[in-house]
Structure formats: C-alpha cells, structure tokens
Amino acid sequence: MTPLALTISGMSCGHCVSAVLRALEDAPGVTVQSVRLGRADVRYDPALTTPERIAAAVTDAGYETTHVG
C-alpha cells in the first residue's frame, strides 16, 4: 500500500467531508486514513488504482483536488 495525501478545495462543512469520505471509500484499492477540511490521507494499492483515478473520484464528488505525495 502506497501513501497519498490529497489537497482538496471546495470543502466547507461536515457534509463535504462525508461526501469526500464516501467517494474515497468507494474507490477500488483505496484505504482511507483521514479526511478533514481541505485534505485527505489515503493508502492505495498501485495494482488496482492510480493517484489520478483517486483524484478523479474526489472530482466526481464535486471537489477539486491535487495530490501532493
């Protein structure tokens, strides 16, 4: 499992945190470590997904993201 920190913009409340958490939990190969306003920390299996796919799951939930490592 590879660690990945995501910077997420557009989050402003607990509903936003829940929406991002659900999107990440539904992504194949992703284990969520934490989600808070503006940031998510996950671990992922490189055989099942990529940072770009993980970021796309957050974008599909309605938030902008960049991965920082």
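Across the options A61, A23, G38, the greatest Cα extent toward the positive end of the charge dipole of the chain (unit charges at beta carbon of Lys, Arg, Asp, Glu) belongs to G38.
When only C-alpha pairs under 8 Å and at least 6 residues apart count, what is the relative contact order of region 2-67, in percent? Reported as a whole number, the value is 44 percent. Per the Debye calculation on the chain with a single equal scatterer at every Cα and no solvent contribution, log₁₀ I(q)/I(0) for q = 0.21, 0.22 Å⁻¹ amounts to -0.73, -0.81.
The charge dipole of the chain, taken about its Cα centre with unit charges on the Cβ atoms of Lys, Arg (+1), Asp and Glu (-1) only, comes to about 160 debye. Taking amide H as placed 1.01 Å from N in the peptide plane, the amide H of R39 sits under 5 Å from that of I8, each at least 5 places away or on another chain. Within the listed set L21, L48, L37, the Gaussian network model of the chain (springs between alpha-carbon atoms below 10 Å) gives the highest mean-square fluctuation for L48.
Values in this text are rule-based calculations from the coordinates and carry no lab data. Computed from a predicted structure; not experimentally measured. Using ideal geometry, Cβ is built from the backbone for each residue, glycine included, and neighbour counts are taken over all protein chains shown.
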